[in-house]
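Here the structure is laid out as structure tokens; the discussion comes afterwards.
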Amino acid sequence: MTDAPGPLIATADEQVIDLARRWCAALGTSPDVARDATTARRSWRAASAVMVGEDLAGALAGSGVARREHVVIVAREPSGCWRVAVELGAAAVCGLLEEDRVLAALASALDGRDEACVVSVVGGSGGAGASTLTAALAVMAGRRGFHSLAFDADPLGGGLEIVLGAERAPGLRWHDFATTRGRIDAGSLTDVLPVHRGVATLSWARDDRGPLPPSLPAVVTAAVKGFDLVAVDVARQLDPTGADLVGRSVLTLLLVPEEIGAALAARAVLERLRRSAPAVALVTVARRGGIGPAAVAEALDLPVLVRLGHDRRLRAAVDRGQGPARSRTVRRTASAVLDALGMDRP
């Protein structure tokens, strides 16, 4: 993993710039400064934290930057900034004299661990196999020596625990976070999640499925600090929660069976993904008598990153609790994705 980038100060207000530089110095980090919204947009995703002056907050929100973690608005009149704070996903709106609150927010962003590589997997149509590929990515990353998490964000899916055969592993599930409030420590999260065959999972219990809890943002923040790879199974309906998750993903994989109907359905999904995802890659799923990967790529105007071949034994392996990595075809596909991400060895 590379060294994490420093914070970003986004404002033309020289007083706020001086204060923000002093706060960063107190934490031993050097910030970049962007005095206009256009410059700030270039570093918005990469910065470890962003301190936004009220003078640029509205312009940034209006420019369509994605909501992200570790945004603090620093304002002379904090009471007038809450609407734009929600649009930017800001964790806090602080006055010029609220140094302790700003330092606490910055310390959370700079707590000494690089953020995980977050990869989202979205099915272009029903039954594409997004859960299978998500689980396989986590397994294969674990086999390469990375600390990986299979993150289930699809309440209507079959469940990553079932795919991995991890439903009996002890640990917390989504319903255990229903009443969680405030910040979650990254180390604590990694300690309490189920681990099966070296892979941590966060999913629903078999008989206790429901909506994602309000604590989801805090859980995501802890997860990206506590793991090297977070593989996320995202519902293809791409609600605001799903859009936020793909928005903070390094790569979003669109999984499309090589069928005419699936390719047509995937067009609408891809249109939604492009509004939020920094990068989208196409993974086609082989079908006997199907239209082939080139036709899917042409229909979506998106090159194929890798093709997931057909393996008639895969479903039986999952049903027996052996997990998707039992399939050589799935292992090969997941490995190709990890190679594309540069995740060879930690």
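Where a number appears in this text, it was derived from the coordinates with a stated rule and is not lab data. Here the structure is a predicted model, which is why all the values come from computation and not from measurement. Neighbour counts are summed over all protein chains in view; Cβ atoms, including those assigned to glycine, are modelled from backbone coordinates with ideal geometry.
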Exactly which trypsin sites (Lys or Arg not before Pro) in the stretch 168-212 are in a DSSP loop and have at most 15 other Cβ atoms within 10 Å?
168, 181, 183, 197, 206
Calculate, in nm to one decimal, what residue 301 and residue 15 gain on full extension: separation in residues at 0.36 nm each, minus their alpha carbon distance.
98.2 nm
What distance in nm separates the two pseudo spin-label positions at residue 239 and residue 172, each 7 Å out from Cα along the beta-carbon direction?
2.1 nm
Jot down the per residue volume, in cubic angstrom and as a whole number, of the convex hull over the alpha-carbon atoms of the chain.
127 Å³
Using θ = phi - 60° and the Karplus relation 6.51 cos²θ - 1.76 cosθ + 1.60, list the HN-Hα couplings for the stretch 240-253 in order, rounded to whole Hz, with x at every Gly or Pro.
x, 5, x, 4, 5, 5, 5, x, 9, 8, 5, 8, 10, 9
Estimated 222 nm signal from helices in the chain, with DSSP H stretches of n ≥ 4 weighted -39500 (n - 2.57), rounded to 500
-11500 deg cm²/dmol
Assuming 0.36 nm per residue, please report the length gained on full extension of the stretch residue 315 to residue 294 beyond their Cα-Cα distance.
5.0 nm
In the stretch 240-332, trypsin sites (Lys or Arg not before Pro) in a DSSP loop with at most 12 other beta-carbon atoms within 10 Å
288, 312, 313, 320
Phi-based couplings in Hz for the stretch 196-210 (Karplus 6.51, -1.76, 1.60; Gly and Pro marked x)
9, 6, x, 10, 7, 10, 9, 8, 9, 5, 4, 9, 9, 7, x
So between residue 92 and residue 206, what do we pick up on full extension, going 0.36 nm a residue minus the alpha carbon distance?
37.4 nm
So which residue, out of 230, 192, 121, gets the largest mean-square fluctuation from a GNM of the chain using Cα contacts under 10 Å as springs?
192
In the stretch 58-97, the trypsin sites (Lys or Arg not before Pro) that fall in loop regions by DSSP, at most 14 other Cβ within 10 Å
76
Could you tally the net charge around residue 319, taking each other residue with its Cβ under 12 Å from the Cβ of residue 319, Lys/Arg +1 and Asp/Glu -1?
+4
Distance between the stretch 1-79 and the stretch 185-232 - C-alpha centres, whole angstrom
28 Å
